[in-house]
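Note sheet for the following structure.
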Amino acid sequence: MTAPILVGGEALYDLVIDEAGALTGHPGGGPFNTARTIGRLGQPVAFLGRLSTDRLGGTHERMLADDGVDLGCVVRTAEPTTLALASLDAIGAASWSFYAAGTAAAGLTPQDALAALPARVAALHVGTLGLVLEPLATALEAVVQRLAGETMVVVDPNCRPQVIDDPQTFRARLERVLAFADLVKVSEEDLAWLDPARSWPAAARDLLERGPRAVLLPRGPDGATVITAGADTPIAPVPTEVVDTIGAGDAFGGAFLAWWISHGLGREDLTQEALVVEAAEFAAVVAARTVAQAGASPPGLLTEAAGRPLGMASV
């Protein structure tokens with residue numbers, strides 16, 4: 001059986017308020033969105049996290065399964081589904097608040113996480129609230145430590161200051177996790193919070209000194225930047241009609257990882273700048289298609305592209 005990409009973290013429900021005050025709900029959570037992106041792109045993927053047995057958790061489970069995500073690493077609980085409230089501005093950008101105490105996503109323990117690991121893992125992706133909420137954050141740090149060195153580790157801090165009660169503890173954990181990371185995806189907002197004294201190019205380059213081989217920086221309408229030891233390479237923006245930006249970064253990260261694994265590449269190949277740039281160009285296309293839909297709804301793989309390495313003609 002092909003080793004899956006393992007995505008660890010939270011599944012929650014995004015409650016979205018638009019400028020008119022209308023409220024809509026979308027299943028979400030950075031790792032949930034990332035896993036769905038990878039599954040929709042036809043790559044083997046498994047979700048590691050807790051899902052509620054309530055109706056919202058049932059929707060999470062159904063959607064993951066429908067998108068081809070393996071649920072063998074899921075831990076189920078009667079605790080309610082975690083909620084996120086997103087307020088959209090005039091251009092569709094979201095600001096967030098979270099309702100996480102006593103909910104499903106936060107309660108994954110290190111024991112349950114390590115016991116659920118597949119025999120083989122092609123790559124590990126962790127981040128977002130998975131590095132904040134406890135005991136989930138301790139559990140995912142243990143998974144990173146277990147798998148580092150034998151599989152590619154991808155970290156997406158996706159910082160949510162609204163839910164980080166202890167910034168010092170969060171920063172210390174992130175430093176430890178980054179030391180094991182092969183690839184990091186960050187936003188300009190992440191860098192501004194993590195390293196406010198530096199410009200984003202300097203802050204992103206500083207991350208390379210913490211362990212990763214490459215840093216991906218999606219920049220919305222300005223495209224993206226790939227930071228490697230040799231260069232900072234801009235990725236041109238992909239024209240699109242933006243409905244909202246929810247899940248754009250998750251789609252970018254998931255698409256990069258799906259492209260990478262579909263081409264048979266691993267952690268050592270991240271030193272090949274041209275390959276990292278090509279994967280990021282594909283990721284930018286997938287992210288652009290995602291923001292053209294409401295909620296986090298990444299594009300699917302075209303039927304004729306199934307079974308082949310991913311490329312621009314795959315979606």
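The values are calculated or read from the model by the stated rules, or taken from the named source; none is laboratory data. This one's a predicted model, so the numbers in the text were calculated from it and none came from an experiment. Note: ideal-geometry Cβ built from the backbone for every residue, glycine included; neighbour counts use all protein chains shown. What goes into the accessible areas is simple: the full protein's heavy atoms, side chains included, and nothing from ligands, DNA or RNA. Shrake-Rupley method; radii C 1.70, N 1.55, O 1.52, S 1.80 Å.
Of all residues in segment 100-128, those that are free of Cβ contacts under 8 Å to residues at least 24 places away in the same chain have Cβ atoms under 7 Å from Cβ atoms of residues that are charged (D, E, K, R), 6 or more apart or on another chain, in G102/E79. Picking from residues in segment 148-171 that are charged (D, E, K, R) and within 25 Å of I38 (Cβ to Cβ), the one that is least open to solvent (accessible area, probe 1.4 Å) is D156. With respect to the conditions (1) open to solvent by 60 Å² or more (accessible area, probe 1.4 Å); (2) touching a helix residue (DSSP H, G or I) at 6+ places or on another chain (Cβ under 6 Å); (3) basic (K, R), K185 falls short on a single one, namely (1).
Annotation: G58 fulfils all but one of (1) surrounded by fewer than 13 Cβ atoms within 10 Å (Cβ to Cβ); (2) free of Cβ contacts under 8 Å to residues at least 12 places away in the same chain; the unmet one is (1). Pairing each residue of segment 179-206 that is under 24 Å from G247 (Cα atoms) with any residue that is open to solvent by 60 Å² or more (accessible area, probe 1.4 Å) and assigned to a loop (DSSP other than H, G, I, E, B), provided the two are 6+ apart or on different chains, yields C-beta distances under 8 Å for A181/R210; D182/R213; L183/R213; L191/R198. For segment 2-46, the candidate set comprises residues that are open to solvent by less than 50 Å² (accessible area, probe 1.4 Å) and among the charged types (D, E, K, R); within that set, the residue that is nearest to S297 (Cα to Cα) is R36. Each residue in segment 207-223 was checked for being touching a residue at least 12 places away in the same chain (Cβ under 8 Å) and not in a helix (DSSP H, G or I), and 11 of them qualify. So which residues in segment 266-309 are open to solvent by 10 Å² or more (accessible area, probe 1.4 Å), of a type outside the set (A, V, I, L, M, F, W, C) and modelled with pLDDT under 90, if there are any at all? Listed by number, the residues that qualify are Q293, S297, P299, G300, T303, E304, G307. No other residue among T81, T2 is touching a strand residue (DSSP E or B) at 6+ places or on another chain (Cβ under 9 Å) and on the phi < 0 side of the Ramachandran plot apart from T81.
Of all the criteria given as (1) touching a helix residue (DSSP H, G or I) at 6+ places or on another chain (Cβ under 6 Å); (2) under 17 Å from V155 (Cα atoms); (3) not hydroxyl-bearing (S, T, Y), the one not satisfied by R267 is (1). In the set (1) assigned to a loop (DSSP other than H, G, I, E, B); (2) surrounded by 15 or more Cβ atoms within 10 Å (Cβ to Cβ); (3) not hydrophobic (A, V, I, L, M, F, W, C), the condition left unmet by R198 is number (2).
A single member of A258, A248, A236 is within 20 Å of the chain's Cα centre (by Cα), more than 22 Å from L208 (Cβ to Cβ) and open to solvent by 10 Å² or more (accessible area, probe 1.4 Å), and it is A248.
Can you report the number of residues in segment 22-55 which are among the small types (G, A, S), outside any strand (DSSP E or B), at pLDDT 95 or above and within 16 Å of N158 (Cβ to Cβ)? Within segment 22-55, residues that are among the small types (G, A, S), outside any strand (DSSP E or B), at pLDDT 95 or above and within 16 Å of N158 (Cβ to Cβ) number 1.
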